[in-house]
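So the structure is just underneath, and the comments pick up after that.
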Amino acid sequence: MSKIKRGILFIVILAVFLVTSSVGMEYYVVHQLNGEVTGRNRPFAALTVEPEDTLDLLVAGDSESYNSVSTMRLWGDKGIAAYDCGQGAQRIPETYYMLKQGFKGQSPKIVMLETNTLFRDIGAVKSTQAILEQMGQYYLPVFRYHNLWKTAVDEPEIHTNYKGFVIRDEVAPYEGKPDYMKKKKKCETMPEYVKIYLEKIEELCEKNNAQLLLVSMPSPKNWNHKRHAEMQQYADEKGIAYLDLNEKVEELGLNWTEDTQDKGDHLNVYGAEKVTSYLGNYLEENYELEDHRNDPAYEAWNQLAEQYEQNLAKIRGEIEVAKETGVEK
């Protein structure tokens, strides 16, 4: 057999192995683990096992996204079935393939994209690497779940997961300048590869009849008027809805001494509750979304929301006791 034939045979065998392994791995994640994997791939796996066509809203982006939108508050107030599928330091190729994963089994009316991830400039080499890596993991899940064995040995998560949102009640006040959104003349430009993938996300949403909503979550450590100006200009040019909540801090009732978990980087659950209440009203006024709270098919959501409220009430009760006794929670 010639070297060329042996090379072709090797490639064919390797391809068959990778495809077969990917199918088997995805089957194991869905049917044996029920999507409960730890680490960075958790939202990918969790989205895969959500009942088909039950989600109204997908929230994507970096850690600002999943720390700011309380899915159970959105459910309890409006009956909107939302899923937080953001990741810490999520890069735009991950966002794109996360949404492709979501659209496989879901038909959300809205994709809410948190904009902080659009300003992650990792350079040409790393961005190319990230694109190839995410593409490979999407089409061949064996690469995504190759370290699945860690799920068996990792320590369990401290917080209960509520459709991608967890209750983070830590408080570390923001002590910086209150006018972090002070107007500037210049914009902070998004990296070119981000713009390319943002357009791909727009096309993906259009193809799946979902409306794209760009949202900048309150974060004095990450956001400023230069970024706002860039996003507003982009949204206006593309005709995309854009909401910058950093301009609505007073309207939201945010208190930077109580509503951030890490000195203004991310909101804690108290800040997320305020932001989500506002978002619920905004979505109700601007979009046509069904209230599923009385739908028997969503009874599990009602049960999860009840658990959420109980846990939140318990935390607030502990805080009141701590205040009365002078002992930190």
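Looking only at residues in the range 104-127 that are more than 19 Å from ASP62 (Cα to Cα) and at pLDDT 80 or above, the one that is most open to solvent (accessible area, probe 1.4 Å) is LYS104. The set of residues in the range 128-137 being crowded, with 17+ Cβ neighbours inside 10 Å and touching a Phe, Trp or Tyr at 6+ places or on another chain (Cβ under 6 Å) consists of GLN134, GLN137. Return the residues of the range 191-200 that are among the aliphatic types (A, V, I, L, M) and surrounded by 21 or more Cβ atoms within 10 Å (Cβ to Cβ); say none if nothing qualifies. Within the range 191-200, VAL194, LEU198 meet the criteria.
Results for (1) in contact (Cβ under 8 Å) with a residue 24 or more places away in the chain; (2) open to solvent by less than 10 Å² (accessible area, probe 1.4 Å); (3) out of contact with any Pro (no Cβ under 9 Å at 6 or more places or on another chain), shown as yes or no for each residue.
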{"site": "GLY35", "(1), (2), (3)": "no, yes, yes"}
{"site": "ARG40", "(1), (2), (3)": "yes, no, yes"}
{"site": "PRO43", "(1), (2), (3)": "yes, yes, yes"}
{"site": "THR54", "(1), (2), (3)": "yes, no, yes"}
{"site": "VAL59", "(1), (2), (3)": "yes, yes, yes"}
{"site": "GLU64", "(1), (2), (3)": "yes, yes, no"}
{"site": "SER68", "(1), (2), (3)": "yes, yes, no"}
{"site": "THR71", "(1), (2), (3)": "yes, yes, yes"}
{"site": "LEU74", "(1), (2), (3)": "yes, yes, yes"}
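Applying a threshold of 8 Å to beta carbon distances and a minimum spacing of six or more residues, or different chains, the list of pairs starting in the range 1-17 at a residue that is over 18 Å from PRO141 (Cα atoms) and ending at one that is loosely packed, with under 10 Cβ neighbours inside 10 Å reads LEU9/MET1.
Only one of TYR66, TYR138 is under 30 Å from VAL19 (Cα atoms) and not β-branched (Val, Ile, Thr); which?
Criteria check complete, one pass: TYR138.
Within this structure, TRP223 passes the test of being at pLDDT 95 or above, part of a loop (DSSP other than H, G, I, E, B) and open to solvent by less than 20 Å² (accessible area, probe 1.4 Å). Among the residues making up the range 177-206, those that are assigned to a helix (DSSP H, G or I), in contact (Cβ under 8 Å) with a residue 60 or more places away in the chain and over 16 Å from GLY239 (Cβ atoms) are TYR193, VAL194, TYR197, LYS200, LEU204.
The values are calculated or read from the model by the stated rules, or taken from the named source; none is laboratory data. Please read these numbers as outputs of a predicted model, since none were measured by experiment. Neighbour counts run over all protein chains shown; Cβ positions are idealised from the backbone, glycine included. Surface accessibility is based on the protein's heavy atoms, side chains included, excluding ligands, DNA and RNA. Shrake-Rupley method; radii C 1.70, N 1.55, O 1.52, S 1.80 Å.
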